[in-house]
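Read the structure below first, then the notes.
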There are 2 protein chains.
Amino acid sequence: MIEKEIRNSLSDSEGIISEMCSHILNAGGKRIRPLLVLYSGLIFSEPTREIMLAAAAAELIHMASLVHDDVIDGSPMRRNKPSINKAWGNHYAVLCGDYLFSKAFCILSGNRLMKSLDLMVEAIRSMCHGKILQAEDKFKQDIGIDAYYERIAKKTAVFIKCCCKSGAAAGGAGDEQVQILGEYGLNLGLAFQMIDDILDFCGDSGVMGKPKGEDLSQGILTLPVILLLESKNYGSWLKDIISRRDFSSKIMNEIVSVMQRTGIISKSFSIAVSHIEKAKYFLSLLPCSRHVDFLHEMADMLQARTN
Amino acid sequence: MIEKEIRNSLSDSEGIISEMCSHILNAGGKRIRPLLVLYSGLIFSEPTREIMLAAAAAELIHMASLVHDDVIDGSPMRRNKPSINKAWGNHYAVLCGDYLFSKAFCILSGNRLMKSLDLMVEAIRSMCHGKILQAEDKFKQDIGIDAYYERIAKKTAVFIKCCCKSGAAAGGAGDEQVQILGEYGLNLGLAFQMIDDILDFCGDSGVMGKPKGEDLSQGILTLPVILLLESKNYGSWLKDIISRRDFSSKIMNEIVSVMQRTGIISKSFSIAVSHIEKAKYFLSLLPCSRHVDFLHEMADMLQARTN
């Protein structure tokens, strides 16, 4: 039903926009955000059209932000297919992202989903700030864990929080319950990004489709790096590498091996897991139901993911 | 008051986003769109905060679309200052545009200006389609006048229409009056773009800040070109030039001189003026007031502009 709403909302697009939209729709994706909207709504309501629309809008915003991300990073691939910028050029990709954003707002505004609308506006604003923070902080070695939290919250977790709140609101939840779903989403989102950042170092680079330590080599210092920079034995060693931008695959393998030997990877992972548990704690404040169970499983799946 | 609302809405921006916003705010601009929102609203109402907010949102959307336009076209300058992409790079410029869009929606959604929200969504969607049409139609010699109308309506005139309707709606106008302001805006917008397209050939290139016939040399075929392509004596001559992409300044001067001699420029101008007159006709359907007079003068100013 959500997929139908997404396709339906893009059905009045014309020419090249229509081709780009088909390309994106057919490239797949895990649809995590609409699922979170959906199940957050189903806790409080039958599957109404409002919930489906809120879910569709969240996925459209996610798609728009990925299209613009690929322009920003000059990425040639997305979901194992050529990115929009690669296939049609930056020109069309910028417009395609704008178009997808406007369609999301069209759904929410046209159907008077005011709460969801406010939340999606907040999500986009936050993502912009987060991505800018990420760019500003590149190669900054004194960034520290608080700035890391702020950055990943704004870049990733606030959107996921807003998805959960949007679904709950569309399902008619009260303010307090919307808040609880928001806390679940925020912690899920933090864990999601942390695990992503850990997998950058110790995921299977074949499965991940990118080389080990790619974030670091681009100057994006994430949780394991920040923890290693703070270590007594390896801090200045790593600082030196980063200063020299010396990211050969030999060095990168050494960094990963040090991260593993010193327990930095497991420490990072346990921080991520602490947020998974926090997320589950917030679910425990809600009455039991199979939709709450689903959100619980979502947290487990996220913890177990390897790519 | 509008300027204050714009600045106010951007005041929670941080770091580089805040710098980019200041740069844009201080670069000036004619503020045509917010003025149209304002006066369309004042016809029906005292100067309320709702009208100011609707006007501020329209300008933010205009700013966002200019920032993305400059990324799309790789333009180094905007309003005689370095463009955002030139000064900060495409990376930040894409995000800056997204941020400005989200702030506009934040204003409209946060203040429950639902009519204006719907209209601004329509405006963005239309602009995306129009810009894509423009890109698709590049160097297409058989484009014809209808396709030109469709393109400039979507690219420019629908946004201006939506501004007038947004102001009228925020001022509490009835449906029929909103519609009348919309027809005024649509025709004003068509004339605005046509005059822009004429000035590309016969404006003072020093004042315009760009070389003569720049649109044509980039493949954008506008009203005077389309009319000349249809002329018996010069059609095939111009076709040949376009096919060979032979846009030296000598050739461009020849084209302009032919356009003037054959009356193509005055014919183009009289088509633009017919839309100015149509716009004024729609104003005549409204009760007299100094705010209607202002919109009348706006149309006259537009007709008389030379840059």
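Any read-out appearing in this document is the output of simple, stated calculations on the displayed coordinates, not a laboratory observation. Because the structure is a prediction, the values reported are computed rather than measured. Cβ sites come from the backbone with ideal geometry, for glycine too, and all protein chains shown count toward neighbours.
As a ratio to 2.2 N^0.38 Å, the alpha-carbon radius of gyration for the protein assembly as shown is 1.05. Cβ-to-Cβ counts within 10 Å put B:Ile43, A:Ile226 in ascending order as A:Ile226, B:Ile43, the fewest first.
For the residues of A:11-19, the average number of beta carbons from a partner chain within 10 Å of their own beta carbon is 3.
Take each residue of peptide A:112-122, count the partner chain Cβ atoms within 10 Å of its Cβ, and average: the result is 4. Each part gets one Cα centre, and for region B:89-128 versus region A:1-72 those centres are 19 Å apart. Considering only B:Pro34, B:Ala64, B:Ser18, the residue lying farthest towards the positive end of the dipole of region B:1-70 is B:Pro34, judged by Cα position with unit charges set on Cβ. Please list, in order, the residues from region B:265-295 whose amide nitrogen is less than 20 Å from a point placed 7 Å along the Cα→Cβ vector of B:Glu176. Inside the label zone: B:279-289, B:292. With label points built 7 Å along Cα→Cβ from the Cα atoms of A:Glu297 and B:Asp146, find their separation and express it in nm. Using points 7 Å along Cα→Cβ, the separation is 5.4 nm. Determine Rg/Rh for region B:190-307; Rg is computed over alpha-carbon atoms and Rh is the Kirkwood hydrodynamic estimate from the same atoms. We get a ratio of 1.07 for region B:190-307. Relative contact order of chain B, taken over Cα pairs closer than 8 Å and 6 or more residues apart, is 19 percent.
In sequence order, region A:256-263 has phi-based couplings of 4, 5, 5, 4, 6, 4, 7, x Hz under the Karplus curve 6.51 cos²θ - 1.76 cosθ + 1.60, θ = phi - 60°, and Gly or Pro positions carry x. Charge tally around A:Asp70: other residues with Cβ under 12 Å, Lys/Arg +1 each, Asp/Glu -1 each, net +2. For region B:1-93, the dipole from Cβ point charges (+1 on Lys and Arg, -1 on Asp and Glu) about the Cα centre works out to 320 debye, to the nearest 20. With neighbours defined as other Cβ atoms within 10 Å of a residue's Cβ, the residues B:Asp175, B:Asp70, B:Asp293, A:Asp69 order from fewest to most as B:Asp175, B:Asp293, A:Asp69, B:Asp70. Temperature 37 °C, viscosity 0.692 mPa s: under these conditions the Stokes-Einstein estimate for region A:1-160, based on its Kirkwood radius over C-alpha pairs, is 199 µm² per second.
Each copy carries a label point for A:Pro287 at 7 Å from Cα along the beta-carbon vector; from one copy to the others these points are 5.5 nm apart, nearest first. Residues A:Phe101, A:Phe44 in ascending order of nearby Cβ atoms (within 10 Å, fewest first): A:Phe44, A:Phe101. For the Cα trace of region A:139-258, dividing Rg by the Kirkwood Rh returns an Rg/Rh value of 1.10. Can you tell me how region A:114-193 classifies by the Cα gyration tensor, rounded, prolate or oblate, using a/c under 1.5 as the rounded cut? Prolate shape, in that a/c is at least 1.5 and a/b is the bigger ratio. Shielding value for B:71-82 is 1, the average number of Cβ atoms from other chains within 10 Å of each residue's Cβ. Applying the Karplus relation 6.51 cos²θ - 1.76 cosθ + 1.60 with θ = phi - 60° to region A:146-163 yields 3J(HN,Hα) values of 5, 5, 4, 4, 4, 5, 6, 4, 5, 6, 10, 6, 5, 4, 5, 4, 5, 4 Hz, where x marks Gly and Pro. Taken over region A:64-148, the ratio of Cα radius of gyration to 2.2 N^0.38 Å equals 1.31. Between B:Glu277 and A:Ser274, the simple label model (points 7 Å from Cα in the Cβ direction) yields a spacing of 7.6 nm. Sequence-distant contacts, meaning Cα pairs under 8 Å at least 6 residues apart, place the relative contact order of region B:171-224 at 29 percent. Our compactness index for region A:2-304, the C-alpha radius of gyration over the empirical 2.2 N^0.38 Å, is 1.03. Taking amide H as placed 1.01 Å from N in the peptide plane, B:Arg78 has its amide H under 5 Å from the amide H of B:Ser83, each at least 5 places away in sequence or on another chain.
With each label modelled as a point 7 angstrom along the Cα→C-beta vector, the B:Arg7-A:Ser11 pair spans 4.8 nm.
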